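Scroll down for the structure; my scribbles are underneath it.
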Amino acid sequence: MVAHGEREIEKLHTLVQQAKNNGVLDLAFLSQAELAHKAPQIKASMGVWSPSTGIVDSHQLMLSYLHKLSEHGGQYVNNTRFVGAQFDGHYFIVTLNCDGQLFNLKCTTLINAAGLFAQSCAKQIDALDPRFIPELYYCKGQYFSYQGPHPFKHLIYPMPEQHGLGVHATIDLAGQLKFGPDTSFIDELDYTPNEQAKARFVSEIIKYWPNLDGSRLQVSYCGIRPKLLKSGTQDFVIQDHSVHGIKGLINLFGIESPGLTASLAIAQHVSKKAS
């Protein structure tokens, strides 16, 4: 993580303290010499090193989860839409649409982890009071990839902006460098990349990498965050019966991109609530 100027340095110290409060105890402030060694060509007033930060192949992670699911007798059923659920006080009668065919199943535990569609699914659970369903705001973020050699050996994060982590530099397992995501609130789901955002990306990246060759930036892909607020910071919202009063129902709202990184910890947390 890198900071520029007194204001960002103050924010960096706040982040490090928050990390300590959350049990992350391995962060270390870097001298200018250490910063130059770990991140050549990076311009910063101060840097913090996070040795336990890493990257993951999300596709392989999903395949691993599917394998574990199968090992434990679970089933993954695709092309199936959640239509609704009725709660009779003991069981949920869940209606599903599988390729146009409706069918029902009965369960005692219903977990709504539908990401961008969690609020939509929650509205179809008859016993759930609507006041427990938070407002949803679509927040689009896109990435630009960098073609050609680069000096990056580690992930580089500027100080977070109001709605996200800022345009940070990340490297995949093949060494491909990309930058993003930016933030833009939208009214409808739209995954079309915006080529016009390149100038904005360049202006953000050169703040910490002045040697950027903007001609090597190529538009990559987009994602959409399920924001619960349009300003300020938010945490994941995980509701069980202690919140909404329905035994066996667990709703997960606002699980944006860090949810992938935290998926195992979230699963453990939800499992305890479901037991």
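Bear in mind that the values in this text are calculations on the coordinates, not laboratory data. The structure presented is a predicted model; accordingly, all values stated were derived computationally and were not measured. Neighbour counts run over all protein chains shown; Cβ positions are idealised from the backbone, glycine included.
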DSSP loop (so not H, G, I, E, B), at most 13 other Cβ within 10 Å: list which chymotrypsin sites (Phe, Trp or Tyr not before Pro) in segment 1-86 pass both filters.
Tyr76
Going residue by residue through segment 210-222, the Karplus relation 6.51 cos²θ - 1.76 cosθ + 1.60 with θ = phi - 60° gives ³J(HN,Hα) values, rounded to whole Hz and with x marking Gly or Pro, of x, 7, 3, 9, x, 5, 8, 7, 10, 4, 10, 9, 10
With +1 on each Lys and Arg Cβ and -1 on each Asp and Glu Cβ, and nothing else charged, work out how big the dipole of segment 1-51 is about its Cα centre, in Debye to the nearest 20.
80 debye
By how many degrees, between 0 and 90 and to the nearest 10, does the Cα long axis of helix 58-71 differ from the longest principal axis of the chain?
30 degrees
Hand me the trypsin sites (Lys or Arg not before Pro) from segment 1-81 located in a DSSP loop with no more than 15 other Cβ atoms within 10 Å, in residue order please.
Lys43
If one compares the long axis through the Cα atoms of helix 5-21 with the longest principal axis of the Cα atoms of the chain, the angle in degrees, nearest 10, works out at 40 degrees
Radius ratio Rg over Rh of segment 1-51, counting only Cα atoms, Kirkwood formula for Rh:
0.97
Full-stretch length increase - Asp213, Leu155 - with 0.36 nm per residue and alpha-carbon distance subtracted
19.1 nm
Alpha carbon centre of segment 146-218 versus segment 60-90: separation in Å?
34 Å
Candidates Gly254, Gly47, Gly23: whichever shows maximal mean-square fluctuation once the chain is modelled as a Gaussian network with Cα springs under 10 Å
Gly23
Here the relative contact order (percent) of the chain, from C-alpha pairs under 8 Å and at least 6 apart, is 19 percent
Say each of Thr80 and Thr233 gets a label point 7 Å from the Cα, pointing the same way as Cα to Cβ; how far apart are those two points in nm?
3.9 nm
Which is the longest stretch in the chain that no exposed loop site breaks, taking sites as GluC sites (Glu not before Pro) with a DSSP loop state and at most 14 other Cβ atoms within 10 Å?
1-134
Dipole of the chain [Lys/Arg +1, Asp/Glu -1 at C-beta], most positive-end residue of Ile93, Asn22, Ala199
Asn22
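Per-residue counts of other Cβ atoms within 10 Å, averaged by peptide: what ranking do you get for 99-107, 217-225, 257-265, 245-253, highest first? Before the final figure, lay out the partial values.
On the way: 99-107: 9.8, 217-225: 17.6, 257-265: 13.8, 245-253: 19.3.
Output ranking for 99-107, 217-225, 257-265, 245-253: 245-253, 217-225, 257-265, 99-107.
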Once you've got the GNM for the chain with C-alpha springs shorter than 10 Å, pick whichever of Gln86, Gln18, Gln124 has the biggest mean-square fluctuation.
Gln18
Any idea what angle helix 263-274 forms with the longest principal axis of the chain, computed on alpha-carbon atoms, 0 to 90 degrees, nearest 10?
30 degrees
Under Stokes-Einstein, with the Kirkwood radius over Cα pairs standing in for Rh, what whole-number D in µm²/s applies to segment 33-129 at 4 °C and 1.567 mPa s?
73 µm²/s
May I ask for the Rg/Rh ratio of the chain, computed from Cα atoms with Rh as the Kirkwood radius, given to two decimals?
1.01
